[in-house]
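Since every read-out is calculated from the coordinates, none of them should be taken as a lab result. All values reported here derive from a predicted model rather than from experimental measurement. Every residue, glycine as well, gets a Cβ built from its backbone with ideal geometry; the counts of neighbours run over all protein chains shown.
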Amino acid sequence: MPSSCLVLIRYLSVFCLIYSINGFCALAEIEATPKTCAVLEAGDSCQLQLKVNYKLDQLQQTCIWVEQREKPEQCFDLIDVTHQLALTLTQDTQILIKNSDNKVLDSITIQVAIYQPVNSRKRRGFNWNLL
C-alpha cells in the first residue's frame, strides 16, 4: 500500500513539473471598481478613476489594455497587481489583461449607463380635513 502512494506522488510531481514548464498562467478573476459610470444623456462623456486588481498563479509579465487603444495602459512583472486608471468613456468599454504573447488572460466590461430618474408619485390633492 505505501509503495503505491509513493508511485502516485511521483506521477503527480512529474505532472506538476510538466505543467509549470509549459508556462500556463492561470489568472484569478479581474476585479474593477466602479463597474458602471452614469451620464445624463446618451453621448455624454463619463470620467472615472478605475481601480483594477488581479492576481496571477505564477510570475509573468502582464499588461492592462483599454479596448480600442494602440498601447497598453501599464505593464507589470508582479503576481499581485493593483492599479488605478483615469478614464473618460462615452460607451461601454472592455478592460483586458494580456500576457507578453498578447494572449488575453481575462477581461471585464465597464458600462456607461444613462441616468433615468424614478417617476415620483403625483399628489392627488384630496383634502381629508373635513372641518
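Among the trypsin sites (Lys or Arg not before Pro) within the range 30-129, those in coil by DSSP and having at most 14 neighbouring Cβ atoms inside 10 Å are LYS35, ARG69, LYS103, ARG121, LYS122, ARG123, ARG124. Cross-link reach is defined here as a Cα-Cα straight distance under 16 Å, omitting same-chain residues fewer than 8 places apart; for LYS71 the lysines meeting it are LYS98, LYS103. Over the C-alpha trace of the range 29-131, radius of gyration and Dmax come out as 21.2, 82 angstrom.
Counting only lysines at least 8 places from LYS35 when in the same chain, those with an alpha carbon closer than 18 Å to its own are LYS51.
Rounded to the nearest 0.05, what FRET efficiency is calculated for GLU29 and SER120 with R0 set to 35 Å and r the Cβ-Cβ distance? After rounding to 0.05, the efficiency reads 0.35.
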